[in-house]
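Let me begin by presenting the structure, written as structure tokens, before commenting on it.
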Amino acid sequence: MPIQHPSHITVLTTGGTVDKIYSLEGELIIGPPSVPELLSPVLSDINFTVQSVLKLDSLDMTDRDRAVLASALEAVETQHIMITHGTDTMPETARYLQANKKAQGKVVVLTGAMQPASMRASDASFNLGSAVTALGLLEPGIYIAMSGRIFPATTVLKDKARGIFTQGN
Ligand code: GLU
């Protein structure tokens, strides 16, 4: 399989735990996108554009929000797109985007984190790196990069008891 190294990746951010921070009042809130800070130590020829589309815990995400995300996805001009998203409904959004067909011919990888990027023991950098590498290896389609694996949108599930993404039937 030829490897098509992406020269430009667009990152659409939607909130989720990856972007959660403690406010001055001590409440866990969705902060600004964490991706620029996660990418800041990375030396790469890839150009990244980060666009904040939504700022939601994914349990609060409705199909109206998903339609906003699908429109943003349709407007992206790069071939390779990463979406950061809360893990609880990441599979639902992946399937929505697949059914919605607004990203035909594009490689789209959703990722997120179980622990906020602002925490030292976060899985955010690991998952972001997995998603970036996956984008260069995958055929056009919608995928999830989590738990050190890549899953097609159609069958991916989150095993909430273990906090691990798995392949369903
Ligand atoms: N309820 C959160 C969400 O899905 C779960 C944590 C997470 O993002 O992993 O946004």
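Cross-link partners for Lys160 among the lysines, with Cα-Cα distance under 23 Å and sequence neighbours closer than 8 places in the same chain left out: Lys20, Lys55. Given axes a ≥ b ≥ c from the Cα gyration tensor, I'd like to know whether the chain is rounded (a/c under 1.5), prolate (a/b larger than b/c) or oblate. Rounded. Accessible area ranking (1.4 Å probe, heavy atoms, ligands and nucleic acids excluded), largest first, for Phe126, Phe165: Phe126, Phe165. The residue among Ser122, Met82, Gly26 whose Cα reaches farthest toward the positive pole of the charge dipole of the chain, with charges on the beta-carbon of Lys, Arg, Asp and Glu, is Met82.
Would you mind telling me the antiparallel percentage of the DSSP bridges in the chain, rounded to 5? In the chain, approximately 35 percent of DSSP beta bridges are antiparallel ones.
Taking the centroid of alpha carbons for each part, the stretch 145-164 and the stretch 97-130 are 11 Å apart. Applying 1/(1 + (r/R0)^6) with R0 = 30 Å to the Cβ-Cβ distance of Thr155 and Thr133 gives a FRET efficiency near 0.90.
For the stretch 37-169, the fraction of 1.4 Å probe accessible surface lying on carbon and sulfur atoms is 50 percent. Helical runs (DSSP H, four residues minimum) scored at -39500 (n - 2.57) apiece and divided by the length of the chain put the mean residue ellipticity at 222 nm at -7500 deg cm²/dmol. For the stretch 1-147, the solvent-accessible area works out to 50 Å² per residue, with a probe of 1.4 Å and every protein chain left in place. Taking GluC sites (Glu not before Pro) that fall in a DSSP loop and have at most 16 other Cβ atoms within 10 Å as cut points, what is the longest piece of the chain between them? Excluding the exposed sites themselves, the longest stretch runs over 78-169. By a 1.4 Å probe calculation restricted to protein chains, His80 has an accessible surface near 20 Å², given to the nearest 10.
The values are calculated or read from the model by the stated rules, or taken from the named source; none is laboratory data. None of the values given here were measured: they were computed from a predicted structure. Here Cβ is always computed from backbone atoms with ideal geometry, including for glycine, and neighbour counts include all displayed protein chains. To get the accessible areas, we keep the full protein, side chains included, count just its heavy atoms, and leave off ligands, DNA and RNA. Shrake-Rupley method; radii C 1.70, N 1.55, O 1.52, S 1.80 Å.
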